[in-house]
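The numbers here are math on the coordinates, done by the rules we state, and not lab data. Note that the coordinates shown come from a computational prediction; the quantities given were computed from them, not determined experimentally. Heads up, the Cβs are rebuilt from the backbone with ideal geometry, glycines too, and the neighbour counts pull from every protein chain shown.
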Amino acid sequence: MRWIVSEVPIDEAGEVAALANRAYRGEGGGWTNEAHLVKGPRTSVDGIREMMAARGRFFAAREHGVGPMRAAVFLEQRDGAYYVGMLSVEPALQDQRLGRTMMQYCESFAQENRVARLTLTVLESRDALEAWYTRQGYRATGATVPLLHGNGRQLRVLEKDLRG
Ligand SMILES: CC(C)(COP(=O)(O)OP(=O)(O)OC[C@H]1O[C@@H](n2cnc3c(N)ncnc32)[C@H](O)[C@@H]1OP(=O)(O)O)[C@@H](O)C(=O)NCCC(=O)NCCS
């Protein structure tokens, strides 16, 4: 198997922050880059550490389990579901199914932990990204939450029931 996914220890928070910033708002492109929509870095080392300490767990993919972190995702148990957050794939490796691999990992993880629902949020107007989640079985709930420091921008809440 090319991609091995494992839990990220807290001393690798910096690697997660750098990857997330490159994926969301870096200069290296990527089909979902949001640098034109939201200014500034997506996160920070302290932000990632805080998420790990107080909220949930990060998981990351490395090629054959070694070398640089190429993808990462956050999972947090909330209201009987797992919230999937900060999904990030190295821009140069996007559109090669690594994003789907991470989403499938989240589903397997939830099922192993007897949780049957996944939720996530997508920034409004990121239609191609929402369509990608829709093709994976996610549905808009109709709920929105404000984007932190987002000048009034809203995040759309999506969910998937793993029982089909
Ligand atoms: C979203 C993200 C994780 C996807 O990762 P990825 O490795 O590119 O995903 P995959 O290769 O598995 O899938 C790419 C999909 O995009 C589609 N795609 C590629 N280029 C596209 C484009 N320009 N417009 C629309 N769709 C496109 C592909 O057809 C493919 O769809 P399919 O899986 O239904 O066949 C990645 O783009 C990323 O890190 N984005 C920045 C951070 C982010 O926005 N995270 C999500 C926040 S909700």
Item checked: Share of alpha-carbon pairs per 10 Å distance bin for the chain, given as whole % -> 10, 40, 41, 9, 0
Next item on the list: Return the distance in nm (one decimal) between the two label points of a simple spin-label model at R78 and D127, each offset 7 Å from Cα along Cα→Cβ.
Entry: 2.6 nm
Item checked: Placed amide H near A143: partners under 5 Å, 5+ positions off or other chain -> V157
Item checked: Cα-based convex hull, segment 79-143, per residue volume (Å³, whole number) -> 98 Å³
Check: Non-local amide H neighbours of Q136 (under 5 Å, H modeled in plane, Pro and chain starts lacking H): which ones?
Finding: none
Item checked: Residues in segment 121-164 that a label on Q104 would reach, taking backbone N under 15 Å of a point 7 Å out along Cα→Cβ -> 136-137
Notebook entry, point to check: Considering amide H positions built from the backbone, and no H for Pro or chain starts, which residues 5 or more places from L162, or on another chain, come under 5 Å of its amide H?
Noted result: R117, L118
Check: Between L37 and V145, what is the label-to-label distance in nm when each label sits 7 Å out along the Cα-to-Cβ direction?
Finding: 1.6 nm
Next item on the list: Using only C-alpha positions, report the orientation-averaged shadow area of the convex hull of segment 14-92, nm², one decimal.
Entry: 6.0 nm²
Next item on the list: Identify which of M102, M86, M51 has the largest mean-square fluctuation in a Gaussian network model of the chain, with springs joining Cα atoms closer than 10 Å.
Entry: M51
Next item on the list: Report the calculated FRET efficiency for R62 and D161 (r = Cβ-Cβ distance, R0 = 41 Å), to the nearest 0.05.
Entry: 0.85
Next item on the list: Report, in deg cm²/dmol and to the nearest 500, the calculated mean residue ellipticity at 222 nm for the chain, where each DSSP H run with n ≥ 4 adds -39500 (n - 2.57) and the sum is divided by the residue count.
Entry: -9000 deg cm²/dmol
Item checked: Antiparallel %, DSSP beta bridges [both residues in the chain], to 5 -> 95 percent
